[in-house]
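First comes the structure, then the notes that go with it.
The values are calculated or read from the model by the stated rules, or taken from the named source; none is laboratory data. What you are looking at is a predicted structure, and each value in this text was computed from that prediction instead of being measured. Positions of Cβ are generated from backbone atoms using ideal geometry, with glycine treated the same way; all protein chains shown enter the neighbour counts. Ligands, DNA and RNA are excluded from the accessible area calculation, which covers all protein heavy atoms including side chains. Shrake-Rupley method; radii C 1.70, N 1.55, O 1.52, S 1.80 Å.
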Amino acid sequence: MIIKFAALIFIVSNLKMASSTKYIFVTGGVASSLGKGIIAASLAKLLQARGYSTTIQKLDPYINIDPGTLNPYEHGECFVTDDGAETDLDLGHYERYLNVPTSQANNVTTGRIYQYVINQERAGAYLGKTVQVIPHITDEIKRRIKLLGNTGEYDIVITEIGGTVGDIESLPYIEAVRQLKWEPDFDCIVLHLTFVPFLAASGELKTKPTQHSVKQLLESGVQPDILALRTEHKLSEGVKEKVALFCNISPKAVIEAMDADTIYDVPLLMQEEELDKVVLDKLGLSYGEEPQLVAWKQFLTKLKNPKQTIKIGLVGKYTELQDAYKSISEAIIHAGAHIETKVEVDWIHSEDINEKNAKQLLENLNGVLVAPGFGERGIEGKIAAIKYARENKIPFFGICLGMQCAVIEFGRNVLGLTDAHSTEMYPETPFPVIYLMESQKNISDKGGTMRLGAYSCNVKENSNAFTAYNSDKIQERHRHRYEFNNKYLGDYEKQGMIATGLNPENNLVEIVEITNHPWFIAVQFHPEYKSTVINPHPLFSAFIKAAADHHNK
Ligand code: GLN
């Protein structure tokens, strides 16, 4: 009897769990790059502000297991979570908006789905059965979608489906959504984002592409509940009604998604359009409190009313595609707004800079940031930029490879270690001041094998890093294979480059600083991943503040 009762409680609590989390799918149509990630993050922000614990998941329809092995030209930045997942850059937006960390479960790729199903097949999980896209792949997609809800942590899970409706790659995902819509106890709605082009010749906004895109979704058996229409011009009521009529949607659920000055305006624009209320109505949830978004609005006010403008140089090798440095540029925006300073970023290609032209390229800058990266290309340009910033006392911030280059530069030009280098670029260097981590030596696979995710670091007091963090214990995220060679640490410190941050377990150098310089900090980790609108990252804030001081001198 007791066992039966316990079983009943178990079933009931599971039923509750299965039915208590609500799901919102975000799909896209007509064109790519319409900003599904920003719409998803903005909606999540509003729902969070109404008291709903909300998270966002991204399903990416490519076959790579994760974007870790992708060239940034292909897919922009690779974002890294605390738990060491290499993920899509949209997860960066989710964290920057929600101020809540994401994890491995927040990003799923087709590669990961297939890998799991194929491993199951080899293990004999489907003995006797033909393994097929439906139901096996779609079942696995559905399982992954439910993982976050099943943690019991979230009232609402928003799942963004990458790509554009109609792509061959996204078909299994749309099919999974279709199946879920019919599952008892699974509460979900679909928000479809499309584009309404403006034809200048006729002076008209055209809705046909949206109608076609909805038809395409319908062909897959999915009726969207809400349409968000990306547009460069205001949509009249007439346009909204027309779309509503042709797409089987109530006019209230046709939402205008106007181009904005900054991506951080979008939550407020969505609030004006009452997207959050429409969503809550459809999910049968109460409105809760009207979002005040006080801190968010304060941030926007400061962002839009700067008291001064400064200029910093970002030296990297992917400057043609600024998405490659998304988290860095957003972290700069957060830090600038924090001190009411507009930060203009001069994107400097590392292959274009050398010791001869460094003065011309850098002398008018208030700060220099050298970006993360891999491989030989552009490395000497980064080193030349660092030399100029060091010698001319321009605030300098080096991140990951940027830190390694700062160490190489100091070794060559201050310690006189001719040809000092990282063994990544020059394995035979006589002075391997940066070398492969011990833990990396027996690794040959490239995917997911770096030192990834959050690790602790002890910060030395009386350092600029300590002043910035106001703490001697920090946790930051990593993505690297090489490290500072501690054999040289004594020599570096004698000459004024100090390790002010060390991993407490293995003494891996996490932060270096130069003492006779106003602000020269280089870090092995990636502070940019942890900067959010509400919590600008302390090191970015300190760097921008130092750059502003340089500007005002
Ligand atoms: N290529 C360097 C390493 O692997 C730096 C990596 C980075 O900048 N993310 O250690």
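Assorted remarks:
- Solvent exposure ordering (accessible area, 1.4 Å, most first) of ASP352, ASP167, ASP261: ASP261, ASP352, ASP167
- The stretch 172-296: C-alpha gyration tensor shape, a/c 1.5 cut-off, then a/b vs b/c: oblate
- The stretch 196-236 versus the stretch 146-179: alpha-carbon centroid distance in Å: 22
- Percent of beta bridges antiparallel (DSSP, the chain, rounded to nearest 5): 30
- Taking every DSSP helix (H) stretch of at least 4 residues in the chain, weighting each as -39,500 (n - 2.57) and dividing the sum by the residue count yields a mean residue ellipticity at 222 nm of -11000 deg cm²/dmol.
- Centre separation in Å (Cα based) which lies between the stretch 63-117 and the stretch 296-352: 23
- Global geometry of the stretch 315-471, whether rounded, prolate or oblate, following the gyration tensor of its Cα atoms and the 1.5 cut on a/c: rounded
- Span-like helix ranges in the chain, DSSP H, alpha carbon extent 24 angstrom or more, Kyte mean at least -1.0: 2-20
- Neighbours of PRO291, meaning other residues whose beta-carbon lies under 12 angstrom from its beta-carbon, give a summed charge of -1 when Lys and Arg score +1 and Asp and Glu score -1.
- Accessible area of the chain belonging to carbon and sulfur atoms, whole % at 1.4 Å probe: 52
- Charge sum, other residues only, whose C-beta stays under 10 Å from SER329's C-beta, Lys/Arg counted +1 and Asp/Glu -1: -3
- Cα gyration tensor category, rounded, prolate or oblate, for the stretch 370-433 with a/c compared to 1.5: oblate
- Take GLU351: with every protein chain present and a 1.4 Å probe, its accessible area is about 100 Å².
- The solvent-accessible area of TYR426, taken with every protein chain present and a 1.4 Å probe, is close to 80 Å².
- Lysines with Cα under 22 Å of LYS342, excluding same-chain neighbours fewer than 8 positions away: LYS297, LYS302, LYS304, LYS307, LYS311, LYS326, LYS393, LYS530, LYS545, LYS553
- Solvent-accessible area of LYS242 with every protein chain in place, 1.4 Å probe, in Å² to the nearest 10: 100
- Per residue, the chain exposes 43 Å² of accessible surface when a 1.4 Å probe is rolled over the protein heavy atoms with every protein chain present.
- Of all DSSP beta bridges confined to the stretch 180-301, the antiparallel ones make up roughly 15%.
- Calculated FRET efficiency for the pair ASN150/ASN486, C-beta based, R₀ 45 Å, to 0.05: 0.55
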